[in-house]
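Q: Dumping the structure here so I can ask a few things about it.
The values are calculated or read from the model by the stated rules, or taken from the named source; none is laboratory data. Nothing here was measured: the structure is a model prediction, and the numbers come from that model. Cβ placement follows ideal geometry from the backbone for every residue including glycine, while neighbour counts extend to all protein chains displayed.
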């Protein structure tokens with residue numbers, strides 16, 4: 001296998017993206033494969049072998065004299081573990097934020113309530129209602145939280161139902177300047193049964 005074919009195999013492997021460069025991925029696979037050969041007498045069956053094989057590093061391209069220092073190998077493994085955990089944490093955080101945003105928008109659409117009184121031009125349209133009742137007291141209680149979620153939706157609905165005149169607490173959720181009387185009427189509904197219906 002030529003160097004070009006080997007680089008193509010590694011570059012098409014999604015796990016290679018965890019490394020800083022293709023050379024790092026190739027080096028890591030070669031070191032792991034050589035260590036496993038030394039430890040098990042060329043009998044593979046571990047996760048490391050699967051990683052080495054999945055990166056398609058041929059035996060003739062393994063380093064002639066691998067670094068025998070346990071420290072350098074453990075350091076590279078520590079860096080690898082750190083980068084994997086950082087990527088995983090970043091992905092999890094991003095995914096959780098997207099889920100939270102979707103839940104917040106769903107609650108806003110269903111109950112026409114919000115804790116977010118930020119500038120409407122900063123909000124994405126994304127199906128959020130044009131008008132909502134701003135729950136100021138609850139927003140003050142929750143301080144830094146400007147979204148609704150499943151842990152506080154009951155409290156938010158209860159706070160909305162207790163408002164004497166919800167129409168006085170309406171805020172625009174979109175940057176639209178057109179007057180939307182039906183949005184005002186729906187969000188500011190005074191009668192509890194009509195609001196819940």
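Q: Testing residue 121 on (1) assigned to a helix (DSSP H, G or I); (2) closer than 26 Å to residue 97 by Cα; (3) at pLDDT 85 or above, one condition comes back false. Which one is that?
A: Answer for residue 121: the failing condition is (3).
Q: Let me ask another. Taking region 138-163, which residues are closer than 20 Å to residue 189 by Cα and without any contact (Cβ under 8 Å) to a residue 24 or more places away in the chain?
A: Once the filter is applied, which keeps residues that are closer than 20 Å to residue 189 by Cα and without any contact (Cβ under 8 Å) to a residue 24 or more places away in the chain, region 138-163 yields 138, 154, 155, 158, 162.
Q: Shifting gears a bit: Tally up the residues in region 137-161 that are part of a helix (DSSP H, G or I) and out of contact with any helix residue (DSSP H, G or I) (no Cβ under 7 Å at 6 or more places or on another chain), please.
A: Step one: filter region 137-161 for residues part of a helix (DSSP H, G or I), giving 137-142, 153-161.
Checking which are out of contact with any helix residue (DSSP H, G or I) (no Cβ under 7 Å at 6 or more places or on another chain) leaves us with 139-142, 154, 158.
The qualifying residues number 6.
Q: Please work out which one of (1) buried (at least 18 other Cβ atoms within 10 Å of the Cβ); (2) at pLDDT below 90; (3) not in a helix (DSSP H, G or I) is the condition residue 195 fails and give its number.
A: Unmet for residue 195, out of (1) buried (at least 18 other Cβ atoms within 10 Å of the Cβ); (2) at pLDDT below 90; (3) not in a helix (DSSP H, G or I): (3).
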